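The values are calculated or read from the model by the stated rules, or taken from the named source; none is laboratory data. Since the structure is predicted, the reported quantities are computational estimates derived from the model, not experimental observations. Backbone-built Cβ (ideal geometry, glycine too); neighbour counts: all protein chains shown. Only protein heavy atoms, including side chains, enter the accessible area calculation; ligands, DNA and RNA are left aside. Shrake-Rupley method; radii C 1.70, N 1.55, O 1.52, S 1.80 Å.
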Amino acid sequence: SDYNQLGFNLRSNIFQGGPLESRSLMKDSYTPDIIQKAIRDPNNWHGRRTDELGKWHQKNALNLNLQKTMEDKYG
């Protein structure tokens, strides 16, 4: 009985999922020319700046990749 009812619900598509067209509060709030003129600064994204620890991690990742490449190339 429960199995048949579940099958009927799946066939009748009551679980339709999300909307086909997504809406954004930013797009609803501003005109398109404001969004196009927006300046995207990678060091100041969403009002947060990349701090010294983040910069250190970036340099450390580059250094580790360089060391691995040097070991692979020169042994």
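What number of residues within the stretch 1-37 satisfy the criterion of being open to solvent by less than 100 Å² (accessible area, probe 1.4 Å), modelled with pLDDT under 75 and among the small types (Gly, Ala, Ser)?
Final tally of qualifying residues: 3.
Could you please tell me which pairs satisfy a Cβ distance under 7 Å, a separation of 6+ or placement on different chains, a first residue in the stretch 52-63 that is farther than 16 Å from Pro42 by Cα and of a type in the set (A, V, I, L, M, F, W, C), and a second residue that is at pLDDT 90 or above and in a helix (DSSP H, G or I)?
Within 7 Å, no pair qualifies.
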